[in-house]
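Have a look at the structure below before the remarks.
Computed from the coordinates by the stated procedures, all read-outs in this text should not be read as laboratory data. All values reported here derive from a predicted model rather than from experimental measurement. Note that we place each Cβ from the backbone using ideal geometry, even for glycine, and neighbour counts take in every protein chain shown.
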Amino acid sequence: MKIVCVCACTSGIAHTYLAKAKLEKAAKELGDEIHVETQGTIGTENALTPEQIAEADVALLAVDIATTGNERFKNIPTVKVGTSLVVKAPKQLLERIEEEVKERKSQKE
Amino acid sequence: MADKEINIAKVINLNLIDLHLNGKTKKDVIKELSTLLKEDDDITNTQDFIDDVFLREEEGETGIGQGVAIPHGKSKAVKNTMIAIGLSDHPIPWETLDDKPVTAVILFAVRNQDADTLHLKLLQRVAILLSDDDFIDKLHAAKNKKNVIDLLCGNKGR
């Protein structure tokens, strides 16, 4: 599964980056490809490229606040959760998303 | 990455570590760690800083599970963006993601005006370290202050 993700927490200092690191680890373990953009106090980092978004199976918004640029994901399935869920159970989250994406795909066919 | 050690050492020092917190509550512990920051001359006013930390606490749990909490205060009372670390021999009740109390508290003190992106980058790095179970285990097991700093700086030691 190819995932594009945006992480953003309330103060944009710690949880955003902890969530990013947890997702990257979980994705690696599951054999998923993930690109994580962070929108924090420091600004946007690791901004997603149009190519990454075009290739993605799903967009994951791990956000506690309103983030910018969500219109970029209008053509792909989007899942929105809070950063705390990502920090708590990143692997389970990705597994659940994968199931959902599969389901949506099979419904289309 | 050769300068990694020097870098992280900019946001932590031996004065900002307490291996045996006395506080039994979240409030006491935040006060204890804030006092360290004041004594190290990183914040100008302890109570103003604590108030800002509690503002953030109201927005959501800062206990990230595995016995660790990362309260943070972005405050005009902060002179230098730093972290203070406290370990405790007794469990401290905290709002956490796994509903368990904590024995390690990492308090982030962040300057209100983020002129200094370098320091924010270093805090990011600390947050990233906390995604590593091995790091968390070693933090809980740290025997002395130097241990804690070595861990943060990525010196695995033995």
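The label point for A:Thr78 and the one for A:Glu55, both projected 7 Å from the Cα toward the Cβ, are 2.2 nm apart.
Taking a point 7 Å out from the Cα of B:His140 in the direction of its Cβ, the residues of segment B:42-72 whose backbone N falls within less than 11 Å of it are B:65-68.
Considering only the other residues whose Cβ falls under 11 Å of the Cβ of A:Val81, what net charge follows from Lys and Arg at +1 and Asp and Glu at -1?
Working: positive: A:Lys80, A:Lys88, A:Arg96; negative: A:Asp64.
In short, +2.
Which net charge results when you count Lys and Arg as +1 and Asp and Glu as -1 among the other residues whose beta-carbon is under 14 Å from that of A:Val4?
Values: positive: A:Lys2, A:Lys20, A:Arg72, A:Lys74, A:Lys80; negative: A:Glu24, A:Asp32, A:Glu33, A:Glu37, A:Glu51, A:Glu55, A:Asp57, A:Glu71.
That works out to -3.
In chain A, a dipole from Cβ-located charges (positive for Lys and Arg, negative for Asp and Glu) runs towards its positive end, and of A:Ile97, A:Val4, A:Ala54 it is A:Ile97 whose Cα lies farthest in that direction.
Here the Gaussian network model covers chain B, with springs between Cα atoms less than 10 Å apart; of B:Ala84, B:Ala142, B:Ala69, B:Ala142 fluctuates the most. Under a Gaussian network description of chain A, with springs only between Cα atoms under 10 Å, the residue in A:Ala54, A:Ala66, A:Ala21 that fluctuates furthest is A:Ala66.
Hey, what number do you get for the protein assembly as shown at 222 nm if only DSSP H runs of n ≥ 4 count, each worth -39500 (n - 2.57), divided across all residues, to the nearest 500? Show your work: numbers first, answer last.
Working: 10 runs with 108 residues, N = 267.
The helix-only estimate for the protein assembly as shown comes to -12000 deg cm²/dmol at 222 nm.
Pair-distance distribution of the protein assembly as shown: all C-alpha pairs, bin width 5 Å, starting at 0; shares per bin in whole percent are 1, 6, 13, 17, 18, 16, 12, 8, 5, 3, 1, 0, 0, 0. Relative to the longest principal axis of the Cα atoms of chain A, helix A:15-30 runs at roughly 30 degrees. Computed over the Cα atoms of segment B:1-124, the ratio of the radius of gyration to the Kirkwood radius (Rg/Rh) comes to 0.95.
If you take all other residues with their beta carbon under 13 Å from the beta carbon of B:Gly60, and give Lys and Arg +1 and Asp and Glu -1, the sum is -4. Segment B:Phe54..B:Cys153, full-extension length gain: 32.8 nm, with 0.36 nm per residue of separation and the alpha-carbon distance subtracted.
Suppose we take every Cα in chain A and form the convex hull; what volume per residue is that in Å³?
Working: hull volume 9.7 nm³, N = 109.
Cα-based convex hull of chain A, divided per residue, equals 89 Å³.
Restricting attention to segment A:2-108, close to 15% of DSSP beta bridges with both partner residues there are antiparallel. Comparing A:Lys74, A:Lys22, A:Lys91 in a Gaussian network model of chain A, where Cα atoms under 10 Å apart are tied by springs, the biggest mean-square fluctuation is seen for A:Lys74.
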